[in-house]
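Scroll down for the structure; my scribbles are underneath it.
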C-alpha cells in the first residue's frame, strides 16, 4: 500500500469522504499517525538491512548508514565475522579489522518516514493493514468523548495483529544461537 492508499483506507473506515479536498485536509494528520505505526511495528518485527560501510579509526559510524540503526547484528570483512562493541557516540568499535577499510554491517533499522503520496512503508505487506488500523484508532481517540471509546477496538485489533507478527521470516541465521562472549 502507498501512503495515499493508507490515507484513503483510513478515511473510508472513519466514514469520511476520500475526494481530493478531504485528502488534503487529513493528509498531514494521518501521515503522522502512519509514521508512528510504522516505527512501532518496526520495533516489533525488527527488520534487518545489510550494507557496506567504511571503517574509520577502527570504528563504523552508525549515523552514516542508509537507515536509522537500532541494533547492530553482525559485522563482516574479508569473509570473516568481526567482533564489535557499541560506543556511546553512535559508533561501533571494530576489533581486529586487520587493515580492512570497509565492512559489511547487518543491523536492525527503522524505516524511512512516509511523506509523499507514493511512498510505500519499508515493512512487509502484512503490516500495511495494521498501519491503517492504528491511524483510525488514533483519530477516533483524538475525537470528542462520545467517539473516543470507538478508538479502543481499533487499538485492540492493532495490538492483536502486532502480536501475531513474527520478528523473523525464517532466515537460517534466525534460528542459530551464537555465543558472543
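The values are calculated or read from the model by the stated rules, or taken from the named source; none is laboratory data. Just so we're clear, the structure is a prediction, and the values are computed from it rather than from any experiment. Counting neighbours? That spans all protein chains shown, and the Cβs are built from the backbone with ideal geometry, glycine included.
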All but one of (1) assigned by TED's automatic domain parsing to the domain that holds residue 41; (2) in contact with a helix residue (DSSP H, G or I) (Cβ under 6 Å, 6 or more places away or on another chain); (3) farther than 16 Å from residue 38 by Cα hold for residue 90, so report the exception by its number.
(1)
Given the structure, is residue 95 touching a residue at least 60 places away in the same chain (Cβ under 8 Å), farther than 20 Å from residue 38 by Cβ and either surrounded by fewer than 19 Cβ atoms within 10 Å (Cβ to Cβ) or in contact with a helix residue (DSSP H, G or I) (Cβ under 9 Å, 6 or more places away or on another chain) (or both)?
no
Does residue 50 meet the test of being assigned to a strand (DSSP E or B), within 30 Å of residue 76 (Cα to Cα) and touching a residue at least 12 places away in the same chain (Cβ under 8 Å)?
yes
Does at least one position in region 105-120 carry a residue that is within 18 Å of residue 39 (Cα to Cα), in contact with a strand residue (DSSP E or B) (Cβ under 9 Å, 6 or more places away or on another chain) and either at pLDDT below 85 or surrounded by fewer than 17 Cβ atoms within 10 Å (Cβ to Cβ) (or both)?
yes
Pick out the one residue from 54, 47 that is surrounded by 14 or more Cβ atoms within 10 Å (Cβ to Cβ) and over 14 Å from residue 114 (Cβ atoms).
47
Go over the candidates 30, 23 one by one and state the one that is out of contact with any strand residue (DSSP E or B) (no Cβ under 7 Å at 6 or more places or on another chain), at pLDDT 95 or above, within 21 Å of residue 121 (Cβ to Cβ) and surrounded by 16 or more Cβ atoms within 10 Å (Cβ to Cβ).
30
Suppose the filter is exposed (fewer than 12 other Cβ atoms within 10 Å of the Cβ), over 17 Å from the mean Cα position of the chain (by Cα) and modelled with pLDDT of 85 or more; does residue 178 pass it?
no
